[in-house]
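**Q** One structure coming up, written as structure tokens, with questions to follow.
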Amino acid sequence: MKKILLPLAVVALLAPMARAQQGVVEPIIKSYAKVNDLSARFVQVSTAKAAELEKTSGGKVFIKRGGKMRWEYEGDDPQVIVSDGKTLWFHQVRDRTALKKKMEELSPSVRVALDLIEGLDRAEEYFTVSSCGEGCAALAPIKADPDLKRLVVNFDGGGTITGVTTENVLGNSTRVTFSEIKKNSAIKDNLFDFKPPRGVEIVEGDGEGQ
């Protein structure tokens, strides 16, 4: 099975910055302080620098406190990414494969970046943050991370995140933009449960299939 690269743009939430920069993310902190869950539609543009390839996809995303998330990719290559806060599943529907990975196996910076709602509470431990313009903040992992070199977050005047761009050490990037954002819609926990369909090959971490 080919190696699966997690779409880190699946996310991002910011931490308090250095005192001089703190005003940049204050709207985000306030906007998400009382958010228990959110949903949105998204469009994702992934670029492979070396191959000069660009792929556009999209679908729906659901996020809930406790590290829960569900990304549903639509179109001719449907995929589902689901986490109940402990286990992350990456289901490639067309290939009939499912990668199973424990969240604790991901690097701290990646775990923080994946947590849209609660990540800000821990991000300052793993990122340095700077302004990249009005409604824009850039995060760089304090400790080198091959999967995440830079994270750029765009947000509107009310502090709601409208776009996220991630870059890795190879120069590949993923840009996700959000629309139809809804907060506190009482999303049920069972939406974040995943049971592999019959006949799907399960791959544990980076290991062999079952």
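The values are calculated or read from the model by the stated rules, or taken from the named source; none is laboratory data. The model shown is predicted, which means the values in this text are computed figures rather than measured ones. Ideal geometry is used to build each Cβ from the backbone, glycine not excepted, and the neighbour counts take in all protein chains shown.
A quick yes/no check of all residues on (1) outside any loop (DSSP other than H, G, I, E, B); (2) of a type in the set (D, E); (3) buried (at least 21 other Cβ atoms within 10 Å of the Cβ); (4) modelled with pLDDT of 90 or more:
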residue	(1), (2), (3), (4)
L13	no, no, yes, no
F42	yes, no, yes, yes
S46	yes, no, no, yes
E54	yes, yes, no, yes
G58	yes, no, no, yes
G66	no, no, no, no
R94	no, no, no, yes
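**Q** Taking only pairs six or more apart or across chains, which ones have beta-carbon atoms under 6 Å, a first residue in the range 44-63 that is farther than 28 Å from D84 by Cα, and a second residue that is polar (S, T, N, Q) and part of a strand (DSSP E or B)?
**A** These pairs meet every condition: T47/S173; E54/T47.
**Q** Continuing with this model, one more query. Can you pull out the residues in the range 73-84 that are buried (at least 17 other Cβ atoms within 10 Å of the Cβ) and touching a Gly at 6+ places or on another chain (Cβ under 9 Å)?
**A** Taking the range 73-84 as the starting set, the residues that turn out to be buried (at least 17 other Cβ atoms within 10 Å of the Cβ) are 73, 79, 81-84.
Listed by number, the residues that qualify are Y73, Q79, S83, D84.
**Q** Right, something else. Being within 16 Å of the chain's Cα centre (by Cα) and at pLDDT below 90: is that true of V112 here?
**A** It is true that V112 is within 16 Å of the chain's Cα centre (by Cα) and at pLDDT below 90.
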